[in-house]
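Here is the structure we will look at.
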Amino acid sequence: MQWEYRQPVVIHFGNGKLAQLSDEIDALGGTRALLVTSEGFVKRHVVSAIVDDCEGRIAAVYPDVKPNAPYQECQACVDLIKEKDCDIVVALGGGSVMDTAKAAACICTGTRAVHSFLGHADELPGKGLPVIAIPTTAGTASEVTRVSVLSDPQEHVKYSMHNDALFADVALVDPELTYTLPKHATASTGMDVLCHALEGYWSVNHQPITDTMAFGSLKRVFKYLHIACRDPENAEAREGMAEASILAGLTFALPGTTGPHACSYPITSLFDIDHGEACGMTIVDFLYLNAAADEDGRIIKLARRLGFGNIDEMANRIIELKVQAGLLQNLKSFSPTKEQIDRMVADSKNSTLLRNPVKVTDEDLYRIFEGLC
């Protein structure tokens, strides 16, 4: 067996790490930073506190990133970088914020519009401005991946771009920033962590080192997710989920995600469902699909290492986590039409699906989506 693993992002983990932002900007040679974030951090005065603490290092703030990262907001960031002559980008937020910031930092070095790169990640310019990523959820792990997912709201399509130019330079992971995350967001991003770890584990591109990190992530998710949802200021649970998120990100950063993520994109685009919640809708289906064809028994071995007697026990625990957290189990409340089911099947057949260890047929996809409806 031959494999390689690389992780160019410097990770600083621990409570209070946000306080070293100024030092990290200086270390990367930045003098005029663009801070990319979302409206909530402005309202809670987090942004104003960061701007004050950075003592002139923040030249501009883009505070309007919405869920599912519309590409138009990435374009607005590119334009603001050029207008304010920024030389570094800081992302403070969840996956949409970090994906927007990473793509903007890369694309701003050229002249092409953001829209022209959707579906053409191989055409992205090389490494652009330095990026410091500060996650405020325990979920996407965009701070340590080469992935940026942008959406086209008009076409109801999400584009997952994979390119080494999309790695951040530094990740400041401060679990204290997740304390104010609402229960539903905690649950949805936590389910994304679980999916990242499982999918990275069974991806056709998995490696021994990612297998180990997948186990570490899942062990923490099964122990801490329900506690973080129930008791949002439980320091141990929040730190545990932050660790789980990082480990899951390192698990799938190179192997990539698989079936559940492929199916999540049309679910999110058509019904405006949170990304992690959408991934969680099909994770059990793919657990059974992949385990049934797992000739090496890797999936059942993982389940047993995690303390489950069989695949059914593991599947039931995942379902229980979703129920406890109040996550949607299916799409029945949306009453999807036949045309929408056809669209979900068609849009799931993307490159992400090719990394699934079992070839997924149209029949499989119709069975999965019709089961949700």
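The values are calculated or read from the model by the stated rules, or taken from the named source; none is laboratory data. What you see is a predicted model, and the numbers here were worked out from it, not measured in a lab. Cβ placement follows ideal geometry from the backbone for every residue including glycine, while neighbour counts extend to all protein chains displayed. Keep in mind that these areas ignore ligands, DNA and RNA; they rest on the heavy atoms of the full protein, side chains included. Shrake-Rupley method; radii C 1.70, N 1.55, O 1.52, S 1.80 Å.
Details
- Of 198, 180, 208, farthest towards positive along the dipole that unit charges on Lys, Arg, Asp, Glu beta carbons give region 178-240: 180
- Counted residue by residue at 0.36 nm each, then reduced by the alpha carbon distance between them, the extension gain from residue 27 to residue 354 reaches 113.7 nm.
- Top of 176, 83, 277 by mean-square fluctuation, Gaussian network on the chain, Cα under 10 Å: 83
- Surface share of carbon and sulfur [accessible, 1.4 angstrom probe, percent] for region 117-208: 52
- GNM result for the chain, Cα springs below 10 Å: residue of 119, 95, 249 fluctuating most strongly: 119
- Solvent-accessible surface of region 94-179, averaged per residue with a 1.4 angstrom probe and all protein chains in place: 29 square angstrom.
- Candidates 350, 290, 310, ranked by Gaussian network fluctuation over the chain, Cα under 10 Å, top entry: 310
- Acute angle (nearest 10 degrees) that the helix 259-271 long axis makes with the longest principal axis of the chain, alpha-carbon atoms: 70
- Between residue 109 and residue 20, the FRET efficiency from the beta-carbon distance, with R0 = 25 Å, is close to 0.40.
- Cα pair distances of region 175-295 binned at 5 Å [whole percent]: 2, 13, 21, 23, 20, 14, 6, 1, 0
- Magnitude of the charge dipole for the chain, about its Cα centre and with charges confined to Cβ atoms of Lys, Arg (+1) and Asp, Glu (-1), is about 500 debye.
- Among 86, 300, 345 - extreme Cα towards positive end, dipole of the chain, charges at beta-carbon: 300
- Between the beta carbons of residue 333 and residue 51, assuming R0 = 45 Å, the FRET efficiency works out to 0.60 to the nearest 0.05.
- Using a 4.7 Å Cβ-Cβ cutoff, the cysteines of the chain lacking any partner cysteine are 54, 74, 77, 86, 106, 108, 229, 263, 373.
- Relative to the longest principal axis of the Cα atoms of the chain, the long axis of helix 338-348 lies at roughly 70 degrees.
- Using every pair of separate Cα atoms, the Kirkwood estimate puts the hydrodynamic radius of region 1-68 at 14.1 angstrom.
- Net +/- balance of residues flanking residue 205 in space, Cβ distance below 14 Å, scoring K and R +1, D and E -1: +1
- Of all DSSP bridge pairs formed entirely within the chain, close to 25 percent run antiparallel.
- Since only 159, 283, 34 are under comparison, the one whose Cα sits farthest along the positive direction of the charge dipole of the chain, derived from C-beta charges on Lys, Arg, Asp and Glu, is 283.
- Rounded to 0.05, the FRET efficiency of the residue 323 and residue 346 pair, given R0 = 45 Å and the Cβ-Cβ distance, is 0.90.
- Accessible-area composition of region 250-333, carbon plus sulfur, in percent [1.4 Å probe]: 47
- Computed packing ranks the peptides 250-256, 339-345, 138-144, 328-334 as 138-144, 250-256, 339-345, 328-334, most packed first, by mean other Cβ atoms within 10 Å.
- Computed over protein heavy atoms with a 1.4 Å probe, the accessible surface of region 322-373 works out to 55 Å² per residue.
- Near the amide H of residue 62, within less than 5 Å, lie the amide hydrogens of 35, 36, 37, all on another chain or at least 5 residues away, with H placed in the peptide plane.
- Distances between placed amide hydrogens fall under 5 Å for residue 133 paired with 91, 169, 170, 171, 172, all partners being 5 or more residues away or on another chain.
- Between residue 223 and residue 209, the simple label model (points 7 Å from Cα in the Cβ direction) yields a spacing of 2.4 nm.
- Average accessible area per residue (Å²) across region 1-59 - probe 1.4 Å, nucleic acids and ligands excluded: 59
- For region 92-170, alpha-carbon Rg relative to the globular expectation (2.2 N^0.38 Å, N residues): 1.01
- Inter-label distance, nm, simple model (7 Å from Cα along the C-beta direction), residue 1/residue 295: 1.6
- Difference of contour (0.36 nm per residue) and Cα-Cα distance, residue 152 to residue 361: 72.6 nm
- Close amide H contacts of residue 160 (hydrogens built in the peptide plane, cut-off under 5 Å, sequence separation of 5 or more or a different chain): none are found.
- Over the chain, the Kirkwood radius and the radius of gyration, each from Cα atoms, give a ratio Rg/Rh of 0.95.
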